[in-house]
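All remarks here apply to the structure that follows.
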Amino acid sequence: MPVVTLASIGRHLLELLKPPVERCLTCGGRAVLNAGLPGICSRCAQRIPWIGRIRCNCCGRPVGCPDCLRPDRVNRAFVCNRSAVAYTAEMKEWISWYKYRGEERYEPLLAAMLGRAYTAMQSELTFRNQGTRARESTSFPRLFAKKWSGHKKEWWQADLMTCVPVSEARLADRGFNQAERLAVLLAADSQVPFCPLLVRNRDTGKQSFKSRSERGESMKAAFSVLPGIGDRLWEVREYRKGSSLPNPPLRVLLVDDIYTTGSTLEACSRVLRSEGEAVGLKIEVYGLTWARS
């Protein structure tokens, strides 16, 4: 019979307390998995091309963006878009495993990455809004700063999350809408209500195979709102009555997987804003995408 000593008990406890060693989802190696990014090891996590700094305040591109300076793109229907990562070859492989090959183990990882982008977006918009109002306030700057730094309710938050819909044919072929699945996870983690708002009227095909002008043409009348959405929007608006702003706009966060030219986000935003005008609501649409190409 083996002798149980304090040393053996200590070694056993250390083994139990060690982080789990499993196969990394992306490289396949046996390594300690990253706690904040489920399924991958720390080495693979370090290679993620996060978009830390943006050059274009509109689309969130990390390099100069001539697209948003085009005459037909100056007056966007959405406020801005932010993305988690740059769409590199490795990131393309990750989303392909999930989107086209049905590898659902990527879902928590992609959702966690999207969550980081949303947190960064909240921080950016909070301080941008506070800075704007601080410049507008000239009477009591110190008192104003103290008020804004101490009130958590003024932290920027979406009022409602939704997603870019897929066509019935694409849904039948793929079995799920990746944007919807990621948006549902993000909404639950952020404690923001999720609600499908849009329907895709026809299959517009793969946008990656089209030119910029072709993408714009294919998106015309491609989306419409679901029946009864006006009532749902007013329900969310009534819930926001506690805001310190008089008649605040309804902030809708539109989630998708990849931002390329912004044609999809633009088309969806125009439909949502038109619906808001029809029911007497001012709607601000913000885009949040997993990758920016």
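Can you tell me which residue in segment 31-52 is modelled with the lowest pLDDT, limited to those that are in a loop (DSSP other than H, G, I, E, B) and out of contact with any Ser or Thr (no Cβ under 7 Å at 6 or more places or on another chain)? Let's see the steps before the verdict.
Residues of segment 31-52 in a loop (DSSP other than H, G, I, E, B): 34-40, 47-49, 51-52.
Remaining after also requiring out of contact with any Ser or Thr (no Cβ under 7 Å at 6 or more places or on another chain): 35-39, 47-48, 52.
Values: ALA35: 71, GLY36: 86, LEU37: 92, PRO38: 92, GLY39: 90, ARG47: 94, ILE48: 96, GLY52: 90.
It comes out as ALA35.
Does GLY28 satisfy the criteria of being at pLDDT below 90, exposed (fewer than 14 other Cβ atoms within 10 Å of the Cβ) and within 19 Å of ALA89 (Cβ to Cβ)? Give the steps one after another, and end with the answer.
Details: at pLDDT below 90: yes; exposed (fewer than 14 other Cβ atoms within 10 Å of the Cβ): yes; within 19 Å of ALA89 (Cβ to Cβ): yes.
Against the criterion (at pLDDT below 90, exposed (fewer than 14 other Cβ atoms within 10 Å of the Cβ) and within 19 Å of ALA89 (Cβ to Cβ)), GLY28 qualifies.
State whether one or more residues within segment 264-281 are among the basic types (Lys, Arg), part of a helix (DSSP H, G or I) and modelled with pLDDT of 95 or more. Even if it seems obvious, please write down each step before you answer.
Step one: of segment 264-281, the residues among the basic types (Lys, Arg) are 270, 273.
Within this subset, residues satisfying the condition of being part of a helix (DSSP H, G or I) are 270, 273.
Of the ones still in play, those that are also modelled with pLDDT of 95 or more are 270, 273.
Checking segment 264-281: at least one residue is among the basic types (Lys, Arg), part of a helix (DSSP H, G or I) and modelled with pLDDT of 95 or more.
Name the one entry in SER149, SER167 that is of a type in the set (Ser, Thr, Tyr), more than 18 Å from the chain's Cα centre (by Cα) and modelled with pLDDT of 50 or more.
On the way: SER149 fails: modelled with pLDDT of 50 or more.
Result of the check over SER149, SER167: SER167.
If you check every pair at least six apart or on different chains, which have Cβ atoms under 8 Å apart with a residue in segment 222-234 that is assigned by TED's automatic domain parsing to the domain that holds ALA278 and touching a residue at least 24 places away in the same chain (Cβ under 8 Å) first and a residue that is exposed (fewer than 15 other Cβ atoms within 10 Å of the Cβ) and small (Gly, Ala, Ser) second?
GLY230/ALA278
Checking the condition surrounded by fewer than 17 Cβ atoms within 10 Å (Cβ to Cβ) and among the basic types (Lys, Arg), which residue from ARG43, ARG76, ARG61 passes? Lay out the reasoning, then the answer.
Values: ARG76 fails: surrounded by fewer than 17 Cβ atoms within 10 Å (Cβ to Cβ); ARG61 fails: surrounded by fewer than 17 Cβ atoms within 10 Å (Cβ to Cβ).
Criteria check complete, one pass: ARG43.
I'm checking my understanding of the structure. Among residues of segment 178-194 that are touching a strand residue (DSSP E or B) at 6+ places or on another chain (Cβ under 7 Å) and assigned to a loop (DSSP other than H, G, I, E, B), which one is farthest from GLN157 (Cα to Cα)?
As a first pass, look at segment 178-194 and keep what is touching a strand residue (DSSP E or B) at 6+ places or on another chain (Cβ under 7 Å): 178-180, 182-184, 186-187, 192-194.
Pick out the ones that are also assigned to a loop (DSSP other than H, G, I, E, B) and you get 192-193.
Details: VAL192: 8, PRO193: 11 Å.
Here the residue is PRO193.
The values are calculated or read from the model by the stated rules, or taken from the named source; none is laboratory data. Just so it is clear, the structure is predicted and the values come from calculations on it, not from any experiment. Neighbour counts run over all protein chains shown; Cβ positions are idealised from the backbone, glycine included.
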